[in-house]
1. Going residue by residue through the stretch 52-74, is there one that turns out to be within 20 Å of Met161 (Cα to Cα), within 21 Å of the chain's Cα centre (by Cα) and of a type in the set (A, V, I, L, M)?
2. For Leu46, state whether it is touching a Ser or Thr at 6+ places or on another chain (Cβ under 8 Å) and either among the basic types (Lys, Arg) or in a helix (DSSP H, G or I) (or both).
3. Among Lys185, Lys119, Lys130, which is of a type in the set (Lys, Arg), modelled with pLDDT under 90 and more than 28 Å from Arg58 (Cβ to Cβ)?
4. Within 26 Å of Ile76 (Cα to Cα), within 16 Å of the chain's Cα centre (by Cα) and either β-branched (Val, Ile, Thr) or at pLDDT below 85 (or both): is that true of Tyr144 in this structure?
5. Can you tell me how many residues within the stretch 128-157 are in a loop (DSSP other than H, G, I, E, B) and out of contact with any Asp or Glu (no Cβ under 9 Å at 6 or more places or on another chain)?
6. Of (1) under 18 Å from Ala160 (Cβ atoms); (2) under 15 Å from the mean Cα position of the chain (by Cα); (3) not in a helix (DSSP H, G or I), Ile9 satisfies all except one. Which?
7. For the condition loosely packed, with under 13 Cβ neighbours inside 10 Å and either touching a residue at least 60 places away in the same chain (Cβ under 8 Å) or out of contact with any strand residue (DSSP E or B) (no Cβ under 7 Å at 6 or more places or on another chain) (or both), what is the one hit in Gly172, Gly179?
8. Quick check on my filter: what residues within the stretch 158-185 are outside any loop (DSSP other than H, G, I, E, B) and either within 20 Å of Arg112 (Cα to Cα) or among the basic types (Lys, Arg) (or both)?
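The values are calculated or read from the model by the stated rules, or taken from the named source; none is laboratory data. Everything numeric here is computed off the predicted structure, so don't read it as measured data. Quick reminder, even Gly has a Cβ in these numbers, built from the backbone with ideal geometry, and neighbours come from all protein chains shown.
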Amino acid sequence: MPAPTVAPIRFSADERARYARDGYVVRERAFDADECTRITAACEALVDRLVRDRRGERIKVSNYVFDADVPNGVMIKWEGDTEIVHGIEPFAHLSPELKAWGYDARFVDPMRDAIGFEKIELFTEKLNLKRPRFGGVNPLHQDYPYWVRVAEVAEEVATAMLFLDDSNLANGCLCVVPGSHRAGK
């Protein structure tokens, strides 16, 4: 089922000011429970398919374990030596449904305001999985150094995230340092 078409949802004046000051904007419940259920089901189906059909070898890099799935054009990140998937990147080319969600106006319109361009596209997409009782702390970091290495113009890249489960301090939510976008480039 394709993602719904919604009216454009641009930054409000307050969100523009917060984005300039803090470097991020939070919108709660931009997708309803049914939509999150459908997106979660599409993500789980993709994970199941990739794990079932994988042919690569695991490679340990620092504290991370990767599996380059060359035929599918993705990198699978594992929770150590377990069979638990920590992440998949990129993936939209393997799931028309998830690609459609990635172009939903609730993602696209705010990104237009964040980077200042009307015509935007997915640069990459990453599915991060934090399964119960698995996974460790991801150290505080900036995405900018990564974008500098892989994007033509890193300042034209912005990150949009959708949390499909409740995200809070007890279950390991994302922490952001307001204003950190102005330092450490």
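1. If we filter the stretch 52-74 for residues that are within 20 Å of Met161 (Cα to Cα), which is where we start, we get 74.
Keeping just the survivors that are within 21 Å of the chain's Cα centre (by Cα) gives 74.
Those left that are additionally of a type in the set (A, V, I, L, M): 74.
Among the residues of the stretch 52-74, at least one is within 20 Å of Met161 (Cα to Cα), within 21 Å of the chain's Cα centre (by Cα) and of a type in the set (A, V, I, L, M), which makes the answer yes.
2. On the way: touching a Ser or Thr at 6+ places or on another chain (Cβ under 8 Å): yes; either among the basic types (Lys, Arg) or in a helix (DSSP H, G or I) (or both): yes.
Judged against the criteria, Leu46 is a match.
3. On the way: Lys119 fails: modelled with pLDDT under 90; Lys130 fails: more than 28 Å from Arg58 (Cβ to Cβ).
Selected residue: Lys185, the only one of Lys185, Lys119, Lys130 that is of a type in the set (Lys, Arg), modelled with pLDDT under 90 and more than 28 Å from Arg58 (Cβ to Cβ).
4. On the way: within 26 Å of Ile76 (Cα to Cα): yes; within 16 Å of the chain's Cα centre (by Cα): yes; either β-branched (Val, Ile, Thr) or at pLDDT below 85 (or both): yes.
For Tyr144, the condition - within 26 Å of Ile76 (Cα to Cα), within 16 Å of the chain's Cα centre (by Cα) and either β-branched (Val, Ile, Thr) or at pLDDT below 85 (or both) - is met.
5. Within the stretch 128-157, the subset in a loop (DSSP other than H, G, I, E, B) is 129-143, 151-153, 157.
Pick out the ones that are also out of contact with any Asp or Glu (no Cβ under 9 Å at 6 or more places or on another chain) and you get 132-133, 137-143, 151-153.
Result for the stretch 128-157: 12.
6. (2) is the only condition that Ile9 fails.
7. Details: Gly172 fails: loosely packed, with under 13 Cβ neighbours inside 10 Å.
The conditions single out Gly179.
8. Those that are outside any loop (DSSP other than H, G, I, E, B) and either within 20 Å of Arg112 (Cα to Cα) or among the basic types (Lys, Arg) (or both): His181, Arg182.
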